[in-house]
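This report refers to the structure that appears directly beneath it.
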Amino acid sequence: MRVLNLTACLVLGMSLCAFSAPPPLPSGQGSLATVSTPDGFTIYCEIADTPEKRSQGLMYRTRMAPDRGMLFTFPEFLEEGYWTFWMKNTKMPLDILWLDRDGTIVHLERYVPICTRTDNLCPRYRPKTAAAQVLELRAGQAATLKLATGTKLTIEMPK
């Protein structure tokens with residue numbers, strides 16, 4: 001019985017540690033941004049801040065943890081834009097959130113489906129309002145976290 005309790009404590013302790021801080025990224029992949037919701041949930045985001053990283057996005061990935069995402073930034077542009085996204089080669093449905101410079105959601109597409117086309121005719125998703133950054137989450141997370149147009153997120157970029 002004592003061994004069983006010790007095992008349960010170890011398993012519980014390890015699972016709590018898994019949610020307290022993100023594991024480091026593989027070498028060469030940079031640091032994570034943190035995005036906090038008004039309810040205090042933290043999303044650890046890879047940063048797509050170059051044309052190459054933005055082009056690759058979350059292509060070919062088949063899953064993503066609920067506390068993970070990808071934050072697309074456009075630092076070389078001074079103006080906000082109508083950033084268009086598509087799901088070519090993306091193997092999991094996503095929620096796509098367009099944010100202004102202050103982190104407020106200005107447009108949201110929920111449960112964007114994968115596109116299995118092999119040509120370049122996958123549907124494109126574009127905001128109705130100009131945005132400075134885009135956040136991709138696994139499908140359903142926006143609803144789970146009660147995120148909607150007008151919700152302000154707090155974004156901390158790595159130092």
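The values are calculated or read from the model by the stated rules, or taken from the named source; none is laboratory data. It should be emphasised that the depicted structure is a prediction, and the values quoted were computed from it without experimental measurement. A quick note on method: Cβ atoms are made from the backbone with ideal geometry, for glycine too, and the neighbour counts reach across all protein chains shown. SASA here: full protein model, heavy atoms, side chains in, ligands and nucleic acids out. Shrake-Rupley method; radii C 1.70, N 1.55, O 1.52, S 1.80 Å.
Tabulated data for the structure shown
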{"item": "Label-zone membership for region 123-142, site A148, 7 angstrom Cα→C-beta point, backbone N under 15 Å", "result": "142"}
{"item": "Net lengthening on full extension, T104/T116 (0.36 nm per residue, minus Cα-Cα)", "result": "1.2 nm"}
{"item": "Straight-distance crosslink candidates among lysines, where the alpha carbon sits under 29 Å from K159 and sequence neighbours closer than 8 are dropped", "result": "K53, K146"}
{"item": "Region 29-159, accessible area per residue, ligands and nucleic acids excluded (1.4 Å, Å²)", "result": "53"}
{"item": "³J(HN,Hα), Karplus 6.51/-1.76/1.60, whole Hz, each residue of region 34-47, x for Gly, Pro", "result": "10, 10, 10, 8, x, 7, x, 6, 9, 10, 9, 10, 5, 10"}
{"item": "Rounded percent of accessible protein surface that carbon and sulfur make up, region 98-159, 1.4 Å probe", "result": "49"}
